[in-house]
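The values are calculated or read from the model by the stated rules, or taken from the named source; none is laboratory data. Keep in mind that what you see is a predicted model, and the values were worked out from it rather than measured. Note that we place each Cβ from the backbone using ideal geometry, even for glycine, and neighbour counts take in every protein chain shown.
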């Protein structure tokens, strides 16, 4: 593979440039003529599809149903919940004309769907018998608030799920939090080989219109935090704005309790950043669109024999997503480099030596380790190695995350951590927004969340010295 096709920078030396090169040169995405809108090519879309199928199956197990609401939202609906509206105004793209005609009312291109869904919820919900109502939709949204888009990390159009649940009681609504975050954490671990830190957002960082917000925070290789899946307890705020009421069992008219939650294509950027290396992508086996590539090593005098054997090996591996690279005009070395760049978890090499000995040679993408196995054991060995790759990727990612959380007790330690070690500074906080603001102003770091796993509470706030209420994670964040 020529230098213009392979990566020209090292991940550790220039992460930003490495990230951009990996995405394009591996064929994971492509750019378009619309700033901030990218093409998810088959390899990236396969990751998203596999993840969504897994999460959706778990949603259905707990009684969540899929639905779909329109892309366009009348401005009058968006204005109904004032805090929510003000939070999204800078991000909204508006449709004002159709053909040659001006519209009587501006239509927002969906930045999120609370308002258009809840207008219907108010019509559908009448009695406690109609609850709980737990709907989810997989869709795209458009948000236009930023100047410098970064693929997956901050794109104007992205894919996600948005779940919108309605309950008859606050207790039921609160119970949903751990269920949903648990589904997200399990899917991230089992499919993407990614760990995260779940916790509560500060009041300043919570979702517009929510009573409380919760997130799963991740860390990119450059030491900057990235918010992953989230969950919002909306209390009765939207119910009051949209008049979502029901008759309870005693015949009293009550406002409903609501939650919202989401996971987006942002996580695709995290697997690229965390698992990739100087050769390119390293895809977790369960989500890779090609799990195994077979590369026959051909010479004129043996091509028929080697290809015949390779096809037999492919038949043994038909239970996996396998591809035979029998392209002419490309050397085995070129093919090795290309499939490494694309992140395929396993490469099976077959030459005359393998044919004559009745074996195959298998190379792991994550470690580069090579081994041979008997022809008849190929499928079993491939399965074992794919599981081993997933386990190794998760273990490495978990070690990186845990190794970049530093417990600090003084402001000097917090600043030093953010300046040198980067990652998360796990620090005591009094809960006062003025301290939160000052820390962000002086260091550029914000509170990502207050982890559920608090550890020991340091007594004095890291900034003002007053009594602390909670341990919070501070980090520079995308």
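Being surrounded by fewer than 15 Cβ atoms within 10 Å (Cβ to Cβ) and either closer than 15 Å to residue 281 by Cα or touching a helix residue (DSSP H, G or I) at 6+ places or on another chain (Cβ under 7 Å) (or both) is the filter here; which residues of the range 31-54 pass it?
42
Using the structure shown, decide if residue 446 is modelled with pLDDT under 95 and either more than 29 Å from the chain's Cα centre (by Cα) or surrounded by 19 or more Cβ atoms within 10 Å (Cβ to Cβ) (or both).
Spelling it out, it is not the case that residue 446 is modelled with pLDDT under 95 and either more than 29 Å from the chain's Cα centre (by Cα) or surrounded by 19 or more Cβ atoms within 10 Å (Cβ to Cβ) (or both).
Quick one: what pairs do we get from the range 107-128, first residue within 8 Å of residue 73 (Cβ to Cβ) and in the same structural domain as residue 79 (by TED's automatic domain parsing), second at pLDDT below 95 and in a loop (DSSP other than H, G, I, E, B), C-beta under 7 Å, 6+ apart or different chains?
As it stands, the answer is 108/92; 115/80; 115/81, since those pairs meet every condition given.
Among (1) without any contact (Cβ under 8 Å) to a residue 24 or more places away in the chain; (2) part of a strand (DSSP E or B), there is one condition residue 258 misses while meeting the rest; what is its number?
Among (1) without any contact (Cβ under 8 Å) to a residue 24 or more places away in the chain; (2) part of a strand (DSSP E or B), residue 258 violates only (1).
What is the number of the single condition among (1) touching a residue at least 40 places away in the same chain (Cβ under 8 Å); (2) under 24 Å from residue 37 (Cα atoms); (3) more than 23 Å from the chain's Cα centre (by Cα); (4) buried (at least 17 other Cβ atoms within 10 Å of the Cβ) that residue 92 does not meet?
The single condition residue 92 does not satisfy is (3).
For (1) surrounded by fewer than 18 Cβ atoms within 10 Å (Cβ to Cβ); (2) closer than 30 Å to residue 38 by Cβ; (3) not assigned by TED's automatic domain parsing to the domain that holds residue 452, each residue gets a yes or a no:
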residue	(1), (2), (3)
159	no, yes, yes
178	yes, no, yes
189	yes, yes, yes
202	no, no, yes
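For the range 268-301, enumerate the residues that are within 21 Å of residue 225 (Cα to Cα) and touching a strand residue (DSSP E or B) at 6+ places or on another chain (Cβ under 7 Å).
270, the sole residue that qualifies.
Looking at the range 122-143, which of the residues that are under 15 Å from residue 172 (Cα atoms) and either modelled with pLDDT under 95 or surrounded by 15 or more Cβ atoms within 10 Å (Cβ to Cβ) (or both) is nearest to the chain's Cα centre (by Cα)?
134
Okay, residues lined up against (1) buried (at least 21 other Cβ atoms within 10 Å of the Cβ); (2) over 15 Å from the mean Cα position of the chain (by Cα); (3) outside the structural domain of residue 203 (by TED's automatic domain parsing); (4) farther than 25 Å from residue 49 by Cα:
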residue: 248; (1), (2), (3), (4): no, yes, no, yes
residue: 257; (1), (2), (3), (4): yes, yes, no, yes
residue: 269; (1), (2), (3), (4): yes, no, no, no
residue: 284; (1), (2), (3), (4): yes, no, yes, no
residue: 304; (1), (2), (3), (4): no, yes, yes, yes
residue: 307; (1), (2), (3), (4): no, yes, yes, yes
residue: 314; (1), (2), (3), (4): no, yes, yes, no
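Output yes when any residue across the range 372-386 is touching a strand residue (DSSP E or B) at 6+ places or on another chain (Cβ under 7 Å) and closer than 20 Å to residue 337 by Cβ, and no when none is.
No, the range 372-386 contains no residue that is touching a strand residue (DSSP E or B) at 6+ places or on another chain (Cβ under 7 Å) and closer than 20 Å to residue 337 by Cβ.
If a residue counts only when it is under 30 Å from residue 207 (Cα atoms) and touching a strand residue (DSSP E or B) at 6+ places or on another chain (Cβ under 7 Å), which strands (runs of 3 or more DSSP E) contained entirely in the range 1-109 have at least 3 such residues?
Output list reads 38-40, 72-74, 93-98, 101-109.
Just one of 354, 374, 340 is within 29 Å of residue 29 (Cβ to Cβ) and modelled with pLDDT of 95 or more; which is it?
340
If only one of 90, 42 is under 28 Å from residue 29 (Cα atoms) and modelled with pLDDT of 95 or more, which one is it?
Going through 90, 42 in turn, just one is under 28 Å from residue 29 (Cα atoms) and modelled with pLDDT of 95 or more: 42.
For the range 295-311, which residues satisfy the criterion of being over 15 Å from residue 331 (Cα atoms) and without any contact (Cβ under 8 Å) to a residue 12 or more places away in the chain?
Matches in the range 295-311: 301, 304, 308.
Mind listing just one residue for me: the one in the range 458-478 that is under 21 Å from residue 419 (Cα atoms) and without any contact (Cβ under 8 Å) to a residue 40 or more places away in the chain and, of those, surrounded by the fewest Cβ atoms within 10 Å (Cβ to Cβ)?
Looking at residues that are under 21 Å from residue 419 (Cα atoms) and without any contact (Cβ under 8 Å) to a residue 40 or more places away in the chain, I get 464.
Suppose we filter 368, 403, 412, 455 for residues that are at pLDDT below 95, out of contact with any helix residue (DSSP H, G or I) (no Cβ under 6 Å at 6 or more places or on another chain) and surrounded by fewer than 16 Cβ atoms within 10 Å (Cβ to Cβ); which single one remains?
Residue meeting the stated conditions: 455.
Among the residues of the range 120-150, write down those that are assigned to a strand (DSSP E or B), out of contact with any helix residue (DSSP H, G or I) (no Cβ under 9 Å at 6 or more places or on another chain) and over 17 Å from residue 70 (Cα atoms).
Listed by number, the list holds a single entry, 127.
Could you list, in sequence order, the residues of the range 57-81 that are surrounded by fewer than 16 Cβ atoms within 10 Å (Cβ to Cβ) and under 21 Å from the mean Cα position of the chain (by Cα)?
Passing the criteria: 57, 60, 66.
Taking residue 169 as the residue in question, decide whether it is under 18 Å from residue 240 (Cβ atoms), touching a residue at least 24 places away in the same chain (Cβ under 8 Å) and touching a strand residue (DSSP E or B) at 6+ places or on another chain (Cβ under 8 Å).
Against the criterion (under 18 Å from residue 240 (Cβ atoms), touching a residue at least 24 places away in the same chain (Cβ under 8 Å) and touching a strand residue (DSSP E or B) at 6+ places or on another chain (Cβ under 8 Å)), residue 169 qualifies.
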